[in-house]
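Novice: Mind having a look at this structure? Questions to follow.
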Amino acid sequence: MRVEYNFTGGVHGKHCKAMQSGYTITIHNVDGTTVVKDVMPRDGAVILNPDIQEYFPDSESVNRALRCLIPLLSKKYRAKSRKA
């Protein structure tokens, strides 16, 4: 971000809930027309809360952490989750 941008008073994660349920973008064209686009999270998308994002800045870091947890799950739980 450029130094001249002022983000004082901004709230980190303010739009997290909207992202989870989808949102609408309205594009105002120069010729006066508007285009409305509904945006929904892709299937399988996982939205991290802001406090978690501090520790997991990208998909790879999340996947790495989850792969470390998988062996700790009981065999019974892992078998159930594969069937679902």
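The values are calculated or read from the model by the stated rules, or taken from the named source; none is laboratory data. Here the structure is a predicted model, which is why all the values come from computation and not from measurement. Because the Cβ atoms are built from the backbone with ideal geometry, glycine has one as well, and the counts that use them run over all protein chains shown.
Novice: Filter region 8-44 down to residues that are under 20 Å from P57 (Cα atoms) and either in a loop (DSSP other than H, G, I, E, B) or at pLDDT 80 or above (or both), then give me how many there are.
Specialist: 9
Novice: Now, a different point. For residues that are assigned to a loop (DSSP other than H, G, I, E, B) and loosely packed, with under 10 Cβ neighbours inside 10 Å, tally how many sit in region 50-59.
Specialist: Result for region 50-59: 1.
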